[in-house]
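Notes to accompany the following structure.
The values are calculated or read from the model by the stated rules, or taken from the named source; none is laboratory data. Since the structure is predicted, the reported quantities are computational estimates derived from the model, not experimental observations. Backbone-built Cβ (ideal geometry, glycine too); neighbour counts: all protein chains shown.
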């Protein structure tokens, strides 16, 4: 039995399940100051999403001599808000729910790619403003174009499958990917990321945010994009990011939208979130959503189920399946 | 050789091709009054899109004793702006370009379905208004849901294929469809349209506008929709129309949006176009585009190619392949 803090919310059914299994579940969000002051020290486990930042200081003040925290469960995928080395040296297990939100992000990404190519948000915005902008809103088709996927994990593979059904061909850069995985998915794997930018009019980001991927989409690479599809259609260049803010250099992207190098861009994630005074969100050829990639009822239910199961395993003395730092066991 | 009026625009390459073949091409839009006064009487053929209305009066005053018009070419699919019986009795051939815009409409429809399910336009609108509405914009996935296709021609079949790739199952009502076509496409064909509304949380319209289909989507049928997906998810009901205005009763749809019977609706086509003072376009859970289903560079190029080829065939004395009223030959 464990005492579990849930700081960024969790599916109700999962909370009930954990309580029925005999665990104590406390649903409460803490400020950065409260966390640093050891708010989590009386818990055995904490379940977070992206809002709670598990810094080295928070971890230090929640475990070892200072507390009893033994597990950080990330309800979702990205663990860039968790200091992993600090967790490992404090012998805190870090787990996530890697598969639960895959399809939700896949669908949002395809939605953003289509909204870019067909001016869907601009169409709606001009209608609401009393304009019938039919003539100005000629778009292009995804069919016949090359889609460049930066990173080729679960989500990118799902996006690739749907994009192929619409008639796109797939290119990827993923230095961690076995070549046969790309081949199985009819995706051309490149050794150089620049090659993907040189070939593809449509780029979608599906990697983690790390030092290596910070501002990986920059002015130089945006300028490499071809603007003309492999089918000869002058479709312009399109960028979609439903992965993590910070991978795309937003200042460079806005400049590229202004100069026309980029015809459209859609971001679900931003360098700073919430993003409220960001000039890019007001550009005509930009559209955005407020980090809702995993925000479907289905994904949140699956995340809750996976998280409840792994917490239960952990308190049963089993090694959770999705542990990120297995070396602590 | 013929004298051809192009009243709603046509792809440049197609115009050049026709001129090179020795035809005279006049690019000019005429008002309803000019058309009725016989503006087309000195032409052998007219190429229209949806803006030019070929009424019985226009046809009468352009052909027979009053003029030399012998062919109406519709650059696109829908021929609801052409009086077909009047054309036939005046021995005017009516042709369209049925396949050229299929994929463009397929992609817009999938884009609208995803934008509905994931609040893409609302996400962008709230961001631009300085709101970070992440918590209010939880959506649902298309995967696992039933898609009801009203009409199962080329476009619906393309939409069905893409929707299946995303994990939807397909249902259709199409009284003109051979059962084996639906079966080949893994789509369940129903004898009663009401059955499709009873089963499906997501409905997309893909039929022609006729007397029979006018206000086919009405208050009674919207109320039949289940609101809960076959996967148990309370996704609400969603309506997309990229076919023709008038098939959906807009007053009934707005009421259903207001009462929550319909969770979201997207229209590319409206009962009155341009639609500027239509209250539905301001509803939070509505989004629209200004009749841009076929508005892609690719589709307009293909339409131009098909139209140029069929005009050339016609002036060569051949029966055009896509003739709607072959009985005149």
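Some notes on this structure:
- Cβ-Cβ under 9 Å pairs, at least 6 apart or on other chains, the stretch A:311-325 side surrounded by fewer than 18 Cβ atoms within 10 Å (Cβ to Cβ), far side at pLDDT 95 or above and in a loop (DSSP other than H, G, I, E, B): A:312/A:23
- Under the condition of being more than 7 Å from chain B (Cβ to nearest Cβ) and in a helix (DSSP H, G or I), the residues counted in the stretch A:127-151 number 2.
- Qualifying residue in the stretch A:302-320 (condition: away from chain B (no Cβ under 12 Å), in a loop (DSSP other than H, G, I, E, B) and in contact with a strand residue (DSSP E or B) (Cβ under 9 Å, 6 or more places away or on another chain)): yes
- Criterion: assigned by TED's automatic domain parsing to the domain that holds residue A:218, modelled with pLDDT of 95 or more and surrounded by 19 or more Cβ atoms within 10 Å (Cβ to Cβ) - qualifying residue of A:167, A:139: A:139
- From the list B:76, B:130, B:56, the one residue that fits, being at positive phi and not assigned by TED's automatic domain parsing to the domain that holds residue B:210, is B:76.
- Counting the residues of the stretch A:242-272 that are closer than 16 Å to residue A:206 by Cβ and more than 14 Å from chain B (Cβ to nearest Cβ) gives 5.
- So residue A:6, is it in contact (Cβ under 8 Å) with a residue 60 or more places away in the chain and at negative phi: no
- Residue B:299 within 14 Å of another protein chain (Cβ to nearest Cβ), outside any loop (DSSP other than H, G, I, E, B) and closer than 21 Å to residue B:120 by Cβ: no
- Neighbours by Cβ (under 8 Å, 6+ apart or cross-chain): first from the stretch B:13-41, in the same structural domain as residue B:53 (by TED's automatic domain parsing); second part of a strand (DSSP E or B) and surrounded by fewer than 17 Cβ atoms within 10 Å (Cβ to Cβ): B:15/B:27; B:23/B:3; B:24/B:3; B:26/B:3
- Enumeration of residues in the stretch A:230-272 that are within 17 Å of residue A:215 (Cβ to Cβ), free of Cβ contacts under 8 Å to residues at least 60 places away in the same chain and assigned to a loop (DSSP other than H, G, I, E, B): A:245, A:246, A:249, A:261, A:262, A:269, A:270, A:271, A:272
- Residue satisfying all of: in the stretch A:273-296; more than 9 Å from chain B (Cβ to nearest Cβ) and without any contact (Cβ under 8 Å) to a residue 60 or more places away in the chain; farthest from residue B:232 (Cα to Cα) among these: A:279
- Flag for residue B:159 being farther than 25 Å from residue A:266 by Cβ and in a helix (DSSP H, G or I): no
- When we screen B:127, B:113, B:149 for residues that are in contact with a strand residue (DSSP E or B) (Cβ under 7 Å, 6 or more places away or on another chain) and more than 26 Å from residue A:266 (Cα to Cα), the only hit is B:149.
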